[in-house]
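Enquirer: Just dropping this structure here.
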Amino acid sequence: MAKINLRAWREEQAAERQRQFIVNIVAAAFLAAVLVFLVGFYFDFQTGRQQTRNNYLKQEIAQLDVQLAEIRELKAQRARLLERLNAIQELQGSRPLIVRNFDEMVRVQPDGVYYLSLTRQGDIISLVGRAEKSDDVSALMRRIYASVWFGEPNLSTVAEDSGLKKFNLSVPILKPKLEELN
């Protein structure tokens, strides 16, 4: 059998494999570096994009907060205006009631009773008067209580003054419903 020296061929093959291995290692390292760079670039891009979205949302939220503050101010202003309007309407509505209350005081006045002063504070009429007899004061109180315009009268004092009975009376004012007036 002939002797063939395969050593050179094996060394060449080993050197070729060594070179191929180094090329593969360098290629893998290059690909790994490119892949790391691309992943980092992708994450940076997504982070920047999300940051842009967050900034946009913050700006919109700030604008909405300003609008909400304006809406709250308008609601408060509306409530104040409604309070004023209700107060004006109540005053306009109660204006004829004052006249009606004092007119009713004259209607319930029995003979022998004289009013010295009538004052109104809120929903109470304070009455100072004189009567010929105590029965006349009682009749006045019964007539006031029977009226739909007044509540139960409160007699605070009765005193003798020049042969007449001087009395102080407080009467709550009521606002009757339409059914009660008929």
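Enquirer: Taking residue 133 as the anchor, which lysines have their alpha carbon closer than 27 Å to its alpha carbon, excluding any fewer than eight residues away along the same chain?
Expert: Here the lysines satisfying the reach criterion relative to residue 133 are 165, 166.
Enquirer: Thinking of segment 3-65 as a set of Cα atoms, what percent of all their pairs are more than 20 Å apart?
Expert: That tail contains 63 percent of the Cα-Cα pairs.
Enquirer: Could you work out how far apart the two model spin labels at residue 145 and residue 62 are, taking each label as a point 7 Å from the Cα in the direction of the beta carbon, and quote it in nm?
Expert: 7.3 nm
Enquirer: Please state the relative contact order of the chain as a whole percent: Cα pairs under 8 Å, 6+ residues apart?
Expert: 13 percent
Enquirer: What is the extension gain from residue 45 to residue 123, computed as 0.36 nm multiplied by their sequence separation minus the C-alpha to C-alpha distance, in nm to one decimal?
Expert: Numbers: separation 78, 0.36 × 78 = 28.08 nm, distance 7.49 nm.
Extra length from residue 45 to residue 123 when fully extended: 20.6 nm.
Enquirer: Treating the angle as unsigned and between 0 and 90°, give the value, to the nearest 10°, between the Cα long axis of helix 7-107 and the longest Cα principal axis of the chain.
Expert: 10 degrees
Enquirer: On a 0 to 90 degree scale, rounded to 10, what angle separates helix 134-146 from the longest Cα axis of the chain?
Expert: The helix 134-146 is inclined about 40 degrees to the chain.
Enquirer: Whenever you get a sec, compute what percent of the accessible area on segment 85-168 sits on carbon and sulfur atoms (1.4 Å probe).
Expert: Of all accessible area on segment 85-168, carbon and sulfur atoms account for 51 percent.
Enquirer: Just to be sure I understand: with springs between alpha-carbon atoms less than 10 Å apart, which residue in 100, 17, 84 has the highest mean-square fluctuation in the Gaussian network model of the chain?
Expert: Maximum among the listed residues: 17.
Enquirer: Now, a different point. Inverting the mean 1/r over all pairs of different Cα atoms, compute the Kirkwood radius of segment 2-115 and quote it in Å.
Expert: Radius from the Kirkwood sum: 24.9 Å.
Enquirer: So what does residue 58 come to for accessible area, using a 1.4 Å probe and Å² rounded to 10?
Expert: About 130 Å², rounded to the nearest 10.
The values are calculated or read from the model by the stated rules, or taken from the named source; none is laboratory data. Because the structure is predicted, anything quoted here is derived from the model rather than measured. Quick reminder, even Gly has a Cβ in these numbers, built from the backbone with ideal geometry, and neighbours come from all protein chains shown. Side chains included, ligands, DNA and RNA excluded: accessible areas come from the protein's heavy atoms. Shrake-Rupley method; radii C 1.70, N 1.55, O 1.52, S 1.80 Å.
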